[in-house]
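Below is one structure; the comments refer to it alone.
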Amino acid sequence: MVSSDYLNALLRGDLHVNRLFAFLGVEVVVLEPEECVLGLVIRPELLQGAGIMPGGIAATLLDEAMAHVVLAGMQNSQSTATVELSVRFLAPVAESEHVTARARPLKRGKRVVTVEAELLKDDGTIAAKGMASFLVT
Ligand SMILES: CC(C)(COP(=O)(O)OP(=O)(O)OC[C@H]1O[C@@H](n2cnc3c(N)ncnc32)[C@H](O)[C@@H]1OP(=O)(O)O)[C@@H](O)C(=O)NCCC(=O)NCCSC(=O)Cc1ccccc1
């Protein structure tokens, strides 16, 4: 279940409520029903063998930004889970680069919320684009 305490803690930067965000170093910039923005610096531990950000890290950040825009628009008693996720990788991200995942809901249905997101580099380059479906129960 989502709780306003959880969302408020994230907005304050209290990442103990989300150990994945604390582990990755995710910064919660915007957390609203119409937009979620997460930031991340790609430190050396987050690189794959060829020295760029792995697709799975990009997909994780996009999934989390999309999940949190869904959470921000839900009732306290509701829960959600990703049931479908697609990502297109458009540009590589190198060590020490800062990326921003921006998610917005496209449609809030009765049970399924459809969301899109972009992963942007600081120079405006789109590093990846994602879409996902979330089941809300
Ligand atoms: C729970 C469920 C999604 C569905 O439960 P089941 O027992 O299988 O139930 P059932 O099959 O009865 O379906 C129920 C209803 O839903 C419908 N429906 C089903 N699929 C789809 C679809 N693709 N698209 C559209 N609708 C679909 C289905 O037709 C049915 O509708 P009906 O009642 O006939 O009208 C299960 O498959 C699961 O746990 N998957 C793993 C999810 C997971 O681990 N995700 C990654 C975790 S990370 C994350 O989540 C992000 C996050 C971060 C932070 C915070 C929050 C979130």
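The values are calculated or read from the model by the stated rules, or taken from the named source; none is laboratory data. Keep in mind it's a predicted model, so treat the numbers as computed, not measured. In this analysis, Cβ positions are derived from the backbone assuming ideal geometry, glycine residues included, and neighbour counts consider all displayed protein chains. For the accessible areas, the whole protein counts, side chains as well, though only heavy atoms, and no ligand, DNA or RNA atoms are used. Shrake-Rupley method; radii C 1.70, N 1.55, O 1.52, S 1.80 Å.
Here the Debye sum runs over all C-alpha atoms of the stretch 4-136 as equal scatterers in vacuum, and log10 of I(q)/I(0) at q = 0.09, 0.14, 0.16 Å⁻¹ comes out as -0.24, -0.58, -0.76.
For a paramagnetic label modelled on ALA50 (point 7 Å from Cα along Cα→Cβ), amide N atoms under 17 Å away belong, within the stretch 85-109, to 88-95. The peptide list 94-101, 5-12, 73-80, put in order of mean Cβ contacts within 10 Å with the highest first, becomes 94-101, 5-12, 73-80.
Collect residues whose amide H, placed 1.01 Å from N in the peptide plane, falls under 5 Å from the amide H of GLN78; neighbours closer than 5 in sequence don't count. Under 5 Å from the amide H of GLN78 lie the amide H atoms of VAL2, each far enough along the sequence or on another chain.
Calculate what fraction, in whole %, of the accessible area of the stretch 1-136 sits on carbon and sulfur atoms when a 1.4 Å probe is rolled over the protein chains. Carbon-and-sulfur percentage of accessible area, whole number: 52. Per-residue ellipticity at 222 nm from helix content only, as computed over the chain with -39500 (n - 2.57) for each DSSP H run of at least four residues, stands at -7500 deg cm²/dmol. Just to confirm, what accessible area per residue do you get for the stretch 1-130 at 1.4 Å probe, in whole Å²? Solvent-accessible surface per residue comes out at 53 Å².
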